[in-house]
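Report on the structure given below.
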Amino acid sequence: MRGRRSGRSMVNTVSYGFHVARGRQRPMPLADQHNEIEINRVERGGLVFRRGEETVTLTEGQTVLYWAAVPHQVLTVMPGTEITWLVLPLSWFLSWKLEPAFVRRVLDEGLCSLEFAEGGVGSSLLDGWALDMSSDMMELRVAVRLEVEAFFRRLSVRMGDSLPVRDVALPRVPAVTRGNQCRHVERIVRYINSHFHEAITVGVIADAVQLNPEYAMRLFRSHWGMTIGEFLSKQRIAEARRMLLQEEDAGPTDVAFACGFQSISRFYQAFKRQCQCSPGAYRKRHVQE
C-alpha cells in the first residue's frame, strides 16, 4: 500500500526493495504494481483495498499477505488510519525455498489473511521490525532480515501442516478492474518468475500464456511501464545479485548461465546497466560492507 507516481503510467511500477515501516495511510490516486511480497496490517482505522479483481474492507487489527505484482490500490480510508507494511523482494522469497504449496498459495491466488490464533502477525512484531529498520545500525537491519526469513519459514511449514492461512473473510465490494488484462499480465509475470533461468524469448513467453506476441508486449508495457524483455532481464539480474552475495564459490560465468544469460558479454552489459558496476565489483563492495 502507500502509493507513488511513476511517470505517466496507469500504475506505479517503482520497486521498494526490503522495507518495513509504519505510517498514516491515505487513498492511492494510482494502483501500485511491483514484483515484491507485501504484508499490510491495519493498526488504526480502516480502509477499502483492491487487488486485481478482489476488493475488501480491512479494519483495525487485520493483516494481509499478497504478491504485489498484481495491481493493488487503497480506494478509501477512515480518518486517522495507520498501517504497518513489510515489503520483501520476490528474489529473496523464492531463494528461501519455502514449502511449494505455500509459494503457490501466495503467487497463484488472492489475498491471504494472517489472522489465525497461532503465529499471527501482531503489532509488537511488526513495530519491532519497523523500529529496527529505521535505525542507522546495520546489525539491526540484518537482524530484521533474518527474523523476517524465520517468520516466513514458520508460516510456510504451518501452512503445509495444517493450512492455517485462509482466504480473507471480509466484506467484498464491487471491483472496477480490467479483468482479463490483469490476469494475462499475472500469467506473464508468473511464467517469467518460474522460467527466467531458461533460454526463453518473448515469443516463448507469449506462446506459454496463449497470447499473440505483439498483444502480449503491448499489454505488458501498458501495465508495467517496461517491456517483457526488460522485466526478464531484471529478474535475471536480481537472481545474479543474490548468487554473487550468497554463493561464494560461483564465479561470474557460473552466475551468468545459471540466471539464463546465453553469453557472458550480455550478462556484463545487463549487470552494468542495472547496477552501475561489474559483477566482481558488486560482490567485493557488498562483501566488504
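The values are calculated or read from the model by the stated rules, or taken from the named source; none is laboratory data. None of these values were measured; they are calculated from a predicted model. Every residue, glycine as well, gets a Cβ built from its backbone with ideal geometry; the counts of neighbours run over all protein chains shown. Side chains are part of the model used for accessible areas, which takes the heavy atoms of the whole protein and leaves out ligands, DNA and RNA. Shrake-Rupley method; radii C 1.70, N 1.55, O 1.52, S 1.80 Å.
Per the conditions (1) crowded, with 19+ Cβ neighbours inside 10 Å; (2) in contact with a Ser or Thr (Cβ under 6 Å, 6 or more places away or on another chain); (3) not β-branched (Val, Ile, Thr), the sole criterion not satisfied by Ala69 is (2). Of all residues in region 256-283, those satisfying the criterion of being surrounded by 13 or more Cβ atoms within 10 Å (Cβ to Cβ) and in a loop (DSSP other than H, G, I, E, B) are Cys259, Gly260, Phe261, Cys277, Ser278. Screening Ala216 against (1) surrounded by 12 or more Cβ atoms within 10 Å (Cβ to Cβ); (2) of a type in the set (A, V, I, L, M); (3) under 25 Å from Trp96 (Cα atoms) leaves a single unmet condition, (3). With respect to the conditions (1) at pLDDT below 90; (2) within 29 Å of Gly45 (Cα to Cα); (3) not in a helix (DSSP H, G or I), Thr84 lacks only one, and its number is (1). Checking each residue in region 188-224 for being of a type in the set (Ser, Thr, Tyr) and over 28 Å from Ser95 (Cβ atoms) picks out Tyr215, Ser222.
So that you can scan it fast, the table gives a plain yes or no per residue for (1) modelled with pLDDT of 80 or more; (2) closer than 24 Å to Ala256 by Cα:
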residue	(1), (2)
Val165	no, no
Gln181	no, no
Glu198	yes, yes
Gly203	yes, yes
Asn212	yes, no
Met217	yes, no
His223	no, no
Ser233	yes, yes
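The conditions of being at pLDDT 80 or above, of a type in the set (Val, Ile, Thr) and surrounded by 15 or more Cβ atoms within 10 Å (Cβ to Cβ) are met by Val20. Condition test on Ala175, is it open to solvent by less than 50 Å² (accessible area, probe 1.4 Å) and modelled with pLDDT of 90 or more? No: the conditions fail for Ala175. Name the single residue that is surrounded by the most Cβ atoms within 10 Å (Cβ to Cβ) among those in region 233-255 being in a helix (DSSP H, G or I) and either over 23 Å from the mean Cα position of the chain (by Cα) or among the aromatic types (Phe, Trp, Tyr) (or both). Filtering first and then ranking leaves Pro252.
Counting the residues of region 87-100 that are of a type in the set (Asp, Glu) and in a strand (DSSP E or B) gives 0.
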